1. Would you mind stating whether residue 245 is touching a residue at least 24 places away in the same chain (Cβ under 8 Å) and more than 22 Å from residue 28 (Cβ to Cβ)?
2. Would you check if residue 77 is open to solvent by 50 Å² or more (accessible area, probe 1.4 Å) and of a type outside the set (Lys, Arg)?
3. Quick check on residue 111: is it assigned to a helix (DSSP H, G or I) and modelled with pLDDT under 95?
4. Quick check on residue 87: is it closer than 30 Å to residue 209 by Cα and at pLDDT 95 or above?
5. Inside region 124-188, counting only strands (runs of 3 or more DSSP E) that do not spill past its ends, which hold 2 or more residues that are open to solvent by less than 60 Å² (accessible area, probe 1.4 Å) and closer than 30 Å to residue 107 by Cα?
6. Take the residues of region 103-123 that are open to solvent by 40 Å² or more (accessible area, probe 1.4 Å) and basic (Lys, Arg): which is farthest from residue 67 (Cα to Cα)?
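The values are calculated or read from the model by the stated rules, or taken from the named source; none is laboratory data. All figures in this text were calculated on a predicted structure; none of them were measured in a lab. Cβ: placed from backbone, ideal geometry, glycine included. Neighbour counts: every protein chain shown. Each accessible area value is taken on the protein alone, full model and side chains, heavy atoms only, with ligands, DNA and RNA left out. Shrake-Rupley method; radii C 1.70, N 1.55, O 1.52, S 1.80 Å.
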Amino acid sequence: MNHGFYCPVGNEVEMLKRAFHQQQPAMLTGPTGCGKTRLVEHLGEVLSRPVATISCHDDLTSSDLVGRFVVTGGDVVWKDGPLTRAIKAGAICYLDEVVEARHDSLAVLHSLTDHRRALYLDRAGEVVKAPDSFMLVCSYNPAYRSSLKELKPSFRQRFVTVALDYLPADREAAVLVHEAGIDRSLADRLVRCATSIRDADDAFHLEAPSTRTLVAAAKLIAAGAAELEAVEVCILAPLSSDGAVTAGLRELAAATLAAGAPTR
């Protein structure tokens, strides 16, 4: 399945391919919306492996990952969880925002991320050996870690860590052109708008606008929306609900867009 265009930041694709062939798990770090999920999908296409995505959250238990006994037709049977199914299928298992999961839930990954490459299903009395085609990939945004949501160093050191960031301006604009079908001059204006907000982060103390939000704005503009209106609803509104902050962001965005707009 083709999930779309991926524009590399650096050599991350080659590094992940090497990790796959050496049977090493990988950890992707970087800001929200910089392309971590798209990279994993692209890796699946490059390696011809299916991708099984698990979105991590506070209530995720080890049983949610590996499986549990369930009652079916009056019988109690074991039902594999998504992690177990991914291993048996030789897939790439992607744990998105792994830092959101509880530490006790992640303990089941220990034997899978060292030389054993095996998942121990204690309740089912089964050991699932990972085939060579299986890879575990996790991701999280380190900028929003807290004392309550932090990965232990002993856990992080089990992974090859690939740090991602937003693309350089010219390549980010190329993504917008490809994804939304807009012209390059408009793509450049949207990227300059996002860059101005990212650079003003010390003043606004907000999460930086992501490439994902730029693509959303570009698609609305391609559908007929005015530039500033699309920027407001896709880029500015998700950043803050504070009226004063939003007004400041709107003024900054309007000035940036106007500075790059074609003259009539």
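1. Judged against the criteria, residue 245 is a match.
2. Working: open to solvent by 50 Å² or more (accessible area, probe 1.4 Å): yes; of a type outside the set (Lys, Arg): yes.
Judged against the criteria, residue 77 is a match.
3. On the way: assigned to a helix (DSSP H, G or I): yes; modelled with pLDDT under 95: no.
In short, no.
4. Numbers: closer than 30 Å to residue 209 by Cα: no; at pLDDT 95 or above: yes.
Considered against the rule, which asks whether it is closer than 30 Å to residue 209 by Cα and at pLDDT 95 or above, residue 87 comes out as no.
5. 135-140, 160-163
6. This residue is 116.
Let's see how each residue does on (1) open to solvent by 40 Å² or more (accessible area, probe 1.4 Å); (2) within 23 Å of residue 99 (Cα to Cα); (3) small (Gly, Ala, Ser); (4) free of Cβ contacts under 8 Å to residues at least 40 places away in the same chain:
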| residue | (1), (2), (3), (4) |
| --- | --- |
| 6 | no, no, no, yes |
| 16 | no, yes, no, no |
| 21 | yes, no, no, yes |
| 29 | no, yes, no, no |
| 34 | no, yes, no, no |
| 55 | yes, yes, yes, no |
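For (1) closer than 24 Å to residue 181 by Cα; (2) in contact with a Ser or Thr (Cβ under 9 Å, 6 or more places away or on another chain); (3) of a type in the set (Asp, Glu), each residue gets a yes or a no:
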site: 196; (1), (2), (3): yes, yes, no
site: 200; (1), (2), (3): no, no, no
site: 222; (1), (2), (3): yes, no, no
site: 229; (1), (2), (3): yes, no, yes
site: 236; (1), (2), (3): yes, yes, no
